[in-house]
Amino acid sequence: MRKLVLMFIGVVFVAAELFAQTPVSPLEEGIKLLNYEKNKSALNFFKEALDKNPADGETIFWYGQALLAQNYNGIPTAEYIKKAKDVYQSGLQAKANDPWLLIGISHTQSLEGVDNNAVKQNLEVAITSTLNTKGKFKGKPSQDIINAIGRVFAELPINIGDHRYAIDKLKETSTAYEVVLPSLYINLGINYLKIGGEFGGDAVTAFQNAISKDPKNAYAYYRIGKIYQTQSNNESLEENYKKAIEADPAIPPVYFALYDFYKDKNSTMAKSNLDLFMSYADKDPRFEYYSADYLYNSKQFDQSLEKAKAMEAAGNLTIFPTLAVLLAKNYDHKGDSILAKSYIEPYINNTPTDKIVSSDYELAIKILSRFSGNQQVLAALLEKAIAADTSKESRINYYKLGTDMFEKATMYADALKWYTNLITLKGSKAEFDYYKLASLSLNAKNGPMTMEVAKQYIAAFPAKAQGYNFNTKGAALIDTANNQGILFEAVNFQNEFLLKDSVKNKQALINNYYTLIGYYNETKGYDNAVVMCDKVLEMVPNDPTTMQAKAQFVKNAEIMKKMQAAKGAKAAAADTTAPKKN
């Protein structure tokens with residue numbers, strides 16, 4: 001019994017030692033407010049904390065983070081970047097090389113465009129100055145410091161900063177300790193998402209690791225749900241959002257994500273989640289926008305436009321640029337393309353690509369395509385979106401938007417390029433894809449491409465008529481005079497398919513026989529032309545046009561035989577009169 005007691009005490013001491021590595025920060029509540037996008041509340045929280053502890057580097061760091069979170073489009077404004085920078089510089093003047101402040105100033109430097117290597121030098125100083133100097137974790141970096149670095153990169157836009165650097169540091173630290181901060185895994189997951197949609201699985205794993213450390217981590221469930229939402233995996237997104245709400249019913253971004261999911265599917269569910277979002281989120285001018293957006297999606301267009309115009313009059317278009325999209329949608333619905341264009345065009349041109357959603361591009365193309373000469377401009381914007389987006393599904397949709405735009409403008413060669421890129425990204429072809437590629441190739445007057453795709457279509461779907469049809473049409477684009485044999489071969493190949501049901505395909509066979517008649521006429525194969533006429537007459541007995549053509553070919557064949565006989569006799573005579581050589 002005594003031995004068991006001692007073993008239990010030993011376990012308690014080990015557990016106590018492990019958990020001592022990751023003490024709960026008194027600033028945790030403010031960090032939670034930032035995660036929950038309650039940025040005004042977070043700023044007030046950290047301001048009060050700073051007033052109580054003005055020399056503490058960690059508190060200054062988080063106050064600066066709260067300043068950088070005061071934005072409406074996800075990108076800190078120059079005003080708040082300067083405020084945060086001033087706070088960090090002031091702190092560094094008092095406490096040179098404080099690791100928390102070095103990380104904070106690195107954040108503002110990145111936003112200002114400072115070279116990545118210079119930024120990382122500051123971060124390496126912060127890491128080195130906080131290495132454990134004793135105990136079993138001697139030489140290992142501080143989890144809190146690495147986690148702060150991970151958060152900074154997680155907050156940076158995808159095109160700013162070396163997110164792989166953050167991933168490497170977070171992964172190294174996660175394997176160095178037995179007990180790891182759940183938020184470290186969350187920052188790891190977000191950074192994975194910053195480097196590309198193909199790392200979505202790694203991000204989900206990181207968020208799940210956070211949940212394994214903290215089963216009530218509502219924010220981790222929310223982040224997993226967001227990934228599945230971008231993948232249109234409805235079952236998984238709803239499951240994870242439900243778990244997030246069960247873990248913490250007061251998490252605003254989950255309700256907004258559900259509102260966004262339901263707004264064009266179920267107005268009742270959309271309204272319910274929007275109301276819950278507004279009840280838990282910080283009060284904000286955006287609420288008027290969300291109400292106006294809901295009115296639009298519930299087809300209350302006049303009320304939506306009235307509310308949106310009131311927001312514009314109050315100056316909210318400057319601080320909340322997405323209002324321009326709502327105004328454009330409303331004016332487009334009213335049929336006023338000029339006003340709709342006046343809102344969507346500057347929005348698309350001036351908003352960072354990672355803040356523009358697919359539906360914004362759809363709207364821009366719908367509106368701007370009505371004005372001549374905008375296709376290449378819109379294509380350039382879509383290319384930027386494709387380069388910036390981490391979601392494969394979104395990039396596929398952008399290629400589809402580009403394809404549809406050029407096809408509608410009858411710019412088929414461009415449409416073909418965009419759809420080819422779409423198929424390459426998708427990595428596989430359905431029957432519709434073969435049909436679409438062949439159709440675009442044909443409309444683009446690209447005979448070789450039409451035949452190439454048609455042959456792939458036939459190989460994949462040999463029982464479908466369309467592949468053979470495209471192959472023949474592609475051959476006709478190449479062999480325009482019907483004298484090279486390319487069209488001849490394609491027609492004979494198609495006839496093999498058509499003859500499997502000659503009754504159903506009667507007219508197509510007749511058309512093809514006439515194409516072959518044309519080929520034999522061009523190449524003076526009159527006997528074969530007569531054979532083709534007979535095939536037509538088998539299907540349409542006594543057809544006067546065909547009978548007349550046949551009679552003419554019979555005459556032509558006889559003339560050709562006489563000409564060839566005369567030519568042969570002349571050659572023979574010439575041979576007999578020629579002087580003999582000794």
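Give me the net charge of residue 357's neighbourhood, meaning all other residues with Cβ under 11 Å from the Cβ of residue 357; Lys, Arg count +1, Asp, Glu -1.
Residues close to residue 357 contribute a combined charge of -4.
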Please determine, in degrees from 0 to 90 and to the nearest 10, the orientation of helix 218-230 with respect to the longest principal axis defined by the Cα atoms of the chain, where the helix direction is its Cα long axis. 10 degrees
So which GluC sites (Glu not before Pro) in region 288-385 end up in coil per DSSP with only 12 or fewer other C-beta atoms within 10 Å? none
In degrees, nearest 10, the alpha-carbon axis of helix 99-112 is tilted away from the dominant principal axis of the alpha carbons of the chain by 40 degrees
Using every Cα-Cα pair within region 336-455, state what percent have a distance larger than 22 Å. 37 percent
Can you classify the chain as rounded, prolate or oblate using the Cα gyration tensor, where a ≥ b ≥ c are the square roots of its eigenvalues, rounded means a/c under 1.5, and otherwise it's prolate if a/b beats b/c and oblate if not? prolate
Working from Cα positions, state the angle (0 to 90°, nearest 10) between the long axis of helix 182-194 and the longest principal axis of the chain. 30 degrees
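Mean separation of Cα pairs under 8 Å and 6+ residues apart, divided by the residue count of the chain: what relative contact order is that in percent?
Once divided by the residue count of the chain, the mean separation gives 6 percent.
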In region 129-209, the trypsin sites (Lys or Arg not before Pro) that sit in a DSSP loop and have at most 12 other Cβ atoms within 10 Å of their own Cβ are 134, 136, 138
For each pair in 341/408; 464/555; 32/52; 329/429; 464/550, compute the distance between the two Cα atoms and list the pairs where it is over 29 Å. 464/555; 329/429; 464/550
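Among 82/171; 271/334; 140/169, which pairs are too far apart, with a Cα-Cα distance over 20 Å? Working shown, then result.
Numbers: 82/171 32 Å; 271/334 24 Å; 140/169 11 Å.
82/171; 271/334, as the Cα separations exceed 20 Å there.
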Which pairs in the list 85/355; 216/299; 445/500 are over 32 Å apart, alpha-carbon to alpha-carbon? 216/299
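Bear in mind that the values in this text are calculations on the coordinates, not laboratory data. This structure is a prediction, so every number in the text was calculated from the model and none was measured. Glycine gets a Cβ as well: all are built from the backbone with ideal geometry, and neighbour counts include every protein chain shown.
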